[in-house]
Ligand code: AMP
């Protein structure tokens, strides 16, 4: 694996690969890599001949009171993991490579808008998050010039917005969805799981169990939502009743049309996503499950 930090070195490697007739696959990440990220690399290897992974903790997609400063960073360990699965290139740029022209202490400019769908669910809880996310993903696409890029299904709203941006701004780029990798308990792997202590982890494990139960009781749109709400309420109440247990606070639970991200009418038929965000202690976790009506 070759690690590069400059746009020029990256461009040289990618153009050499393309000249050799290779299809270029791309996996953007913020590091603190786990098996979920590595599954994306493996999928990229199946879908392309030359895989570039990036590690960049994007300041633009964190709110003022969010965890940008404490977000886990460990480039050496991450590079070892990527090298072990035979990633071709690790692109680990500094902020000025991604957002040039900030030498005088300026703020990076948001150049993409996620529109109304960027303001609901995750976007409602994290104002500006999706505009910042799309801005960095677009910039990374410009620098890497991939033929195919892989994103995880766990971040469903992110994936939806990226697909929509690519249709208009990056014609010809293929976006591939990777299934969510989970612990045995069902908890979706996430870099933020590192924040959880043992008691919080035990609560976090209930999230996916709740999604499965709601899916099993999804004889109708309202039955699925009722089930999810009741279970989450039960989880919250159990946590608040017992002193010493970590607090669990439901942020949202929502059923949306997977193709439009709009809420479902009761008579909806097709592929839906049941989305949930829960705050456990200080950690905000998201997950989702597909339900076909
Ligand atoms: P992040 O580093 O958290 O920005 O994530 C980078 C990519 O990995 C995104 O496309 C995520 O959706 C994906 N990802 C994160 N967690 C998982 C997981 N548990 N399974 C599969 N993909 C994941």
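No lab work stands behind these numbers, since they all come straight from the coordinates. Quick caveat: nothing in here was measured; it's all calculated off a predicted structure. Neighbour counts run over all protein chains shown; Cβ positions are idealised from the backbone, glycine included.
Over the chain, Cα pairs under 8 Å with separation of 6+ residues give a relative contact order of 16 percent.
For a footprinting-style exposure proxy, rank 200, 9 by other Cβ within 10 Å, fewest first. Working shown, then result.
Numbers: 200 20, 9 14.
Arranged by neighbour count, lowest to highest, 200, 9 become 9, 200.
The distance between label points at residue 35 and residue 9 comes to 3.2 nm (points 7 Å beyond Cα on the Cα→Cβ vector).
Provide the packing ranking of 220-230, 93-103, i.e. peptides ordered by the mean count of other C-beta atoms within 10 Å per residue, highest first.
Values: 220-230: 16.9, 93-103: 13.8.
Averaged packing, sorted descending, gives the order 220-230, 93-103.
Taking a ≥ b ≥ c as the square roots of the Cα gyration tensor eigenvalues, segment 139-223 comes out oblate, since a/c reaches at least 1.5 and a/b does not exceed b/c. Peptides 259-266, 109-116 ranked from most to least packed, by the mean per-residue count of other Cβ atoms within 10 Å: 109-116, 259-266.
At 37 °C and a viscosity of 0.692 mPa s, what translational diffusion coefficient does Stokes-Einstein give for the chain, taking Rh as the Kirkwood radius over Cα pairs? Give it in µm²/s as a whole number. D = 163 µm²/s. Segment 235-261 and segment 62-87 have Cα centres separated by 27 Å.
Shape class for segment 27-180, computed from the alpha carbon gyration tensor (a ≥ b ≥ c): rounded, with a/c under 1.5.
Could you state the angle between the C-alpha long axis of helix 221-241 and the longest principal axis of the C-alpha atoms of the chain, as a value from 0 to 90 degrees rounded to the nearest 10? Approximately 80 degrees, to the nearest 10.
Considering Cα pairs under 8 angstrom that are at least six residues apart, work out the relative contact order of segment 88-217 and quote it in whole percent.
On the way: 95 pairs, mean separation 20.7, N = 130.
Once divided by the residue count of segment 88-217, the mean separation gives 16 percent.
Per-peptide packing, taken as the mean over residues of other Cβ atoms within 10 Å, places 77-83, 152-158 in the sequence 152-158, 77-83 from highest down.
Taking Cα atoms, how many degrees apart are the long axis of helix 7-19 and the longest axis of the chain, rounded to 10 and kept between 0 and 90? Helix 7-19 sits at roughly 80 degrees to that axis.
Over segment 178-292, what is the mean sequence separation of C-alpha contacts under 8 Å (at least six apart), divided by residue count, expressed as relative contact order in percent? It comes to 23 percent, rounded to a whole number. Compared with the dominant Cα axis of the chain, that is its longest principal axis, helix 35-47 is turned about 50°.
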